[in-house]
1. Suppose the filter is closer than 24 Å to His131 by Cα, modelled with pLDDT of 90 or more and surrounded by 10 or more Cβ atoms within 10 Å (Cβ to Cβ); does Ala104 pass it?
2. Return the total of residues in region 107-144 being in a helix (DSSP H, G or I), aliphatic (A, V, I, L, M) and without any contact (Cβ under 8 Å) to a residue 40 or more places away in the chain.
3. Please go through region 91-113 and pick out each residue that is in contact with a helix residue (DSSP H, G or I) (Cβ under 7 Å, 6 or more places away or on another chain) and among the hydrophobic types (A, V, I, L, M, F, W, C).
Amino acid sequence: MILSYSHHGDRVMAYLLPVWTRLPAADRMGVAAAVLAVAFVLLLVGTRVRQARPRSFRRPRARAAEPVDTSWFTAHTLDGFPEEALRATLRTPAAPSRERLYAAWVLATHTQGTDAVWLEKNLALPADAAHLIAEAAETRRREVSARENHDTEAAKATAVSGDEEDPPARP
């Protein structure tokens, strides 16, 4: 081990610890190897102990993801998806993946404010693909809304006609 340097003219002198210089030259390599081995083992043990010990200053783990609304992923999720119209987009060299197009479709059909510009910007879709998906999603939303309104009105009509057939019980 070198303690310090001193300059004597054109020579540099190093002072070694007396213990090191007292060892015979043949034994110095063995001692150096043993010291390095002990240092390496201590480093490994210290690392394992530090990893195993819980630390209070560690950042808290991220919360679990919120539960997914499973109504977004049904057997009819891709009903109305404009796959035929998007085939030309899928054949280009820089084509978006089919999964990205499906994600755009799910977002466009289930979230308000997801228009073609938003899809282009946030999902890096080509303009023509984003417009096709946004238009088809809007058409599907209108169809689903009309179907739900029709079902609601039919249920109300059934309930009203059912009330007329059963007269109220008299005491």
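The values are calculated or read from the model by the stated rules, or taken from the named source; none is laboratory data. These figures come from a predicted structure and were not determined experimentally. When we count neighbours, we look across all protein chains shown, and the Cβ atoms used for this are built from the backbone with ideal geometry, even at glycine.
1. Numbers: closer than 24 Å to His131 by Cα: yes; modelled with pLDDT of 90 or more: yes; surrounded by 10 or more Cβ atoms within 10 Å (Cβ to Cβ): yes.
The answer is yes for Ala104.
2. Of all residues in region 107-144, those in a helix (DSSP H, G or I) come to 107-110, 116-123, 127-144.
Right, trim to aliphatic (A, V, I, L, M) and you get 107-108, 116-117, 119, 123, 127, 129-130, 132-134, 136-137, 144.
From the residues that got through so far, the ones that are without any contact (Cβ under 8 Å) to a residue 40 or more places away in the chain too are 107-108, 116-117, 119, 123, 127, 130, 134, 144.
Residues that pass the stated criteria total 10.
3. Ala95, Leu101, Ala103, Ala104, Trp105, Val106, Ala108
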